[in-house]
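Read through the structure below, which is laid out as structure tokens, and then see the notes.
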Amino acid sequence: MAKIRKIMAASATRRAPRFQRTGRALAVGTTATACLALMSGVAEAKSWGTYAMENIYGQKVGTAKFVANGDKLTVCDTRADSYAPKVKVYRYSDKKLVWTVTANLGKGWCVTSSKNLGERTKYEFWNSGNEMNQLLSVTTAGAS
């Protein structure tokens, strides 16, 4: 019986073969990396719309929609009034104009444009133009 205990004690203190130690180290490293990735979040822009655009008199003049996949902004004219609905995009931090999309083809027509927006940057989308000034959305193009 004492001999069996001695053998069991010796095997318990023996080190695992090198490939087993390497496998354990890889498993621990992979698990740590996965946890870090989950905590940091996934970068994705925030889609919004379709929002009704109004002039200063409350009349609907167009629509706007932003699709995050490809950073596509679509502006549509819904009123025959000789005005072209326009969306201006400003960087939130310094209010710098970075993009303008104008539906200038007349009532019933839409204009779609794409621009590569910075991934963790916040933007303001404004309905802008003659007799129009309306904040449509404040969006972070990236993880929030």
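The values are calculated or read from the model by the stated rules, or taken from the named source; none is laboratory data. It should be emphasised that the depicted structure is a prediction, and the values quoted were computed from it without experimental measurement. As a convention, Cβ positions derive from the backbone with ideal geometry for all residues, glycine included, and neighbour counts pool all protein chains shown. Accessible surface areas use protein heavy atoms only, side chains included; no ligands, DNA or RNA. Shrake-Rupley method; radii C 1.70, N 1.55, O 1.52, S 1.80 Å.
Distance between the pseudo-spin-label points of Tyr92 and Tyr57 (7 Å out from Cα toward the beta carbon): 3.4 nm.
Can you give the local net charge around Thr50? Use residues other than it whose beta-carbon is closer than 13 angstrom to its beta-carbon, Lys and Arg +1, Asp and Glu -1. Each step should come with its number before you reach the end.
Working: positive: Lys60, Lys65, Lys72; negative: none.
Residues close to Thr50 contribute a combined charge of +3.
Counting Lys and Arg as +1 and Asp and Glu as -1 over every other residue whose Cβ lies under 11 Å from the Cβ of Leu117, the net charge comes to +4.
On the beta carbon distance between Thr50 and Leu135, with R0 = 25 Å, the FRET formula returns roughly 0.95.
Write down the accessible area per residue of region 94-144 in Å², having rolled a 1.4 Å probe over the full set of protein chains.
Values: 2900 Å² over 51 residues.
Solvent-accessible surface per residue comes out at 57 Å².
The alpha-carbon of Lys115 sits under 13 angstrom from the alpha-carbons of these aspartates and glutamates, leaving out residues fewer than 8 places away in its chain: Asp71.
Listed by chain and number, the aspartates and glutamates placed with their C-alpha closer than 19 angstrom to that of Lys107 are Glu54, Asp77, Asp81, Glu131; residues fewer than eight positions away on the same chain are left out.
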